[in-house]
Amino acid sequence: MPQYKLTYFDGRGRAEVTRLLFAVAGVNFQDNRIGVSIPPQPSQLPIWLDMKPNTPFGQLPLLEFDGKLIAQSHAIERYLAREFGLYGEGNYEMALTDMWIDSFEELISPIIQYNFGPGGDTEKAEQKKKYLETTLPTYFKKLETDLGNNSSGYLVGKGLTVGDLYVLKHNEWVMVSFGEEGQMAVKKYPNVQAHIKRISALPKVAAWLEKRPQNKF
């Protein structure tokens, strides 16, 4: 088994699905947090700015193993999901998993903009309204239907995939960003709610959620 080293900031962010993949697979890894929070504090910036030029694209996360290096969060997730058998069975299920990874990227990117992008109170209020009333329903109607149509209780196929972990990750972003309003928005989708509860309760997932550092982001 390779000795995996995952380097990221001291937060969940774009590394948390990868950490969940390791947890679910029962594979040990070095969770290398560089001591910079999300968002970074001014005093922490020199740590990251010193490291940044030595990364392939000036960003994290990075996965290292056996003298190899993979950058880009989705590339890392897809690689490990295939390695650990968490990508679905056959090309069609893998394509559906990809479809949901890409869809959740489109869901999470505006949340990141809401939390860390520029804008005053009025602009932020408009962003929140658009997200909860338009963006989230656009994808969650399909998510609710697909979960309802799959008797296995998973998003794709008959077993756990990285797509299920993305549902969990997105829900965390919604809750931490929008609080009670986010909770009310997700309550409109009972299959999604049940799925989040089920995946969170899986023993290896629950164990990771319990022991991980309790960062906000």
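Since every read-out is calculated from the coordinates, none of them should be taken as a lab result. Remember, predicted model here, so these are calculated numbers, not experimental data. Counting neighbours? That spans all protein chains shown, and the Cβs are built from the backbone with ideal geometry, glycine included.
Largest GNM mean-square fluctuation across G13, G153, G117, computed for the chain with C-alpha springs under 10 Å, falls on G117. Using the Cβ-Cβ distance between I47 and Q113 with R0 set to 22 Å, the FRET efficiency works out to roughly 0.35.
At each listed q (0.08, 0.13 Å⁻¹), what is the log10 of I(q)/I(0) that the Debye formula gives for the chain modelled as equal alpha-carbon point scatterers? Listed by q, the Debye log ratios stand at -0.29, -0.79.
As a calculated quantity, the FRET efficiency between Q30 and T135 at R0 = 41 Å, using C-beta atoms, amounts to about 0.70.
At 222 nm, what value in deg cm²/dmol follows for the chain if DSSP H runs of at least 4 each add -39500 (n - 2.57) and the sum is divided by all its residues, to the nearest 500?
Working: 9 runs with 126 residues, N = 217.
Value at 222 nm, helices only: -18500 deg cm²/dmol.
Of the residues E105, E93, E133, the one that moves most in a GNM of the chain with alpha-carbon contacts below 10 Å is E133.
Could you grab the relative contact order for the stretch 90-202? Cα pairs under 8 Å, six or more apart, rounded to a whole percent. Before the final figure, lay out the partial values.
Working: 76 pairs, mean separation 35.6, N = 113.
In percent, rounded to a whole number, it is 32.
Across the chain, the mean sequence separation of Cα contacts (distance under 8 Å, 6 or more residues apart), normalised by length, yields a relative contact order of 24 percent. Between E181 and K197, the contour length at 0.36 nm per residue exceeds the Cα-Cα span by 3.9 nm. From most to least packed by mean Cβ count within 10 Å, the peptides 156-169, 78-91, 44-57 give 156-169, 78-91, 44-57. If you take the beta carbon distance between Q59 and E210 as r and set R0 to 22 Å, what does 1/(1 + (r/R0)^6) give as a FRET efficiency, to the nearest 0.05? Computed FRET efficiency for Q59 and E210: 0.15. Under 5 Å from the amide H of V36 lie the amide H atoms of D10, each residue being 5 or more positions distant or on a separate chain, with H modelled from the backbone and absent for Pro and chain starts.
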